[in-house]
Amino acid sequence: MAEIEKRAGGCQCGAVRYTVEVERGGKVISCNCSMCGRAGTLLTFVPASKFHLDCGADATTDYQFNKHVIHHLFCRTCGIKSFARGTGRDGQPTVAINVRCLDGFEPGQFQVQEFDGRSR
Ligand SMILES: [Zn+2]
């Protein structure tokens, strides 16, 4: 059974803060697309119901590219992209968490899987 843990995260300057339920030691995606490849984000996807934005709703800037299906929300002060909003394959609201922005993040806490976003 996957162990779910509640973790806090956010941007660098503290304007954006959230709480999210993630699988301990779960899989995260290292994507090579034009966005993630540059930013180095490590992503995990959770249903929007498992995500709570504690503060910063008005501190983010929304950037969209490609098919314009994902809202890339970055902090307008420090520029860190700690999460994004989109719609999952099941049509439900989904949040992409950049696990690098979780408090106490270490790369070894997750199973990193490569994802070829560039070719999609
Ligand atoms: Zn910030």
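The values are calculated or read from the model by the stated rules, or taken from the named source; none is laboratory data. As the structure is a prediction and not an experimental result, all values here were calculated from the model. Backbone-built Cβ (ideal geometry, glycine too); neighbour counts: all protein chains shown.
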**Asked** Hey, does segment 10-18 have a residue that's of a type in the set (A, V, I, L, M, F, W, C), surrounded by 15 or more Cβ atoms within 10 Å (Cβ to Cβ) and in a helix (DSSP H, G or I)?
**Response** no
**Prompt:** Among 86, 104, which is the only one that is in a strand (DSSP E or B) and either within 22 Å of residue 21 (Cα to Cα) or among the small types (Gly, Ala, Ser) (or both)?
**Reply:** 86
**Extreme residue, farthest from the ligand (Cβ to nearest atom), among residues of segment 19-51 that are loosely packed, with under 13 Cβ neighbours inside 10 Å and over 18 Å from residue 106 (Cα atoms)** = 49
**Item:** residue 54 being within 16 Å of the ligand (Cβ to nearest atom), modelled with pLDDT under 95 and acidic (Asp, Glu)
**Value:** no
**Test: residue 56 is free of Cβ contacts under 8 Å to residues at least 60 places away in the same chain, buried (at least 17 other Cβ atoms within 10 Å of the Cβ) and not hydrophobic (A, V, I, L, M, F, W, C)** = yes
**Request:** Mind counting the residues in segment 19-38 that are in contact with a His (Cβ under 9 Å, 6 or more places away or on another chain) and assigned to a loop (DSSP other than H, G, I, E, B)?
**Result:** 1
**Request:** Just need a number here: residues in segment 62-99 that are over 13 Å from residue 51 (Cα atoms), among the small types (Gly, Ala, Ser) and out of contact with any Phe, Trp or Tyr (no Cβ under 8 Å at 6 or more places or on another chain).
**Result:** 2
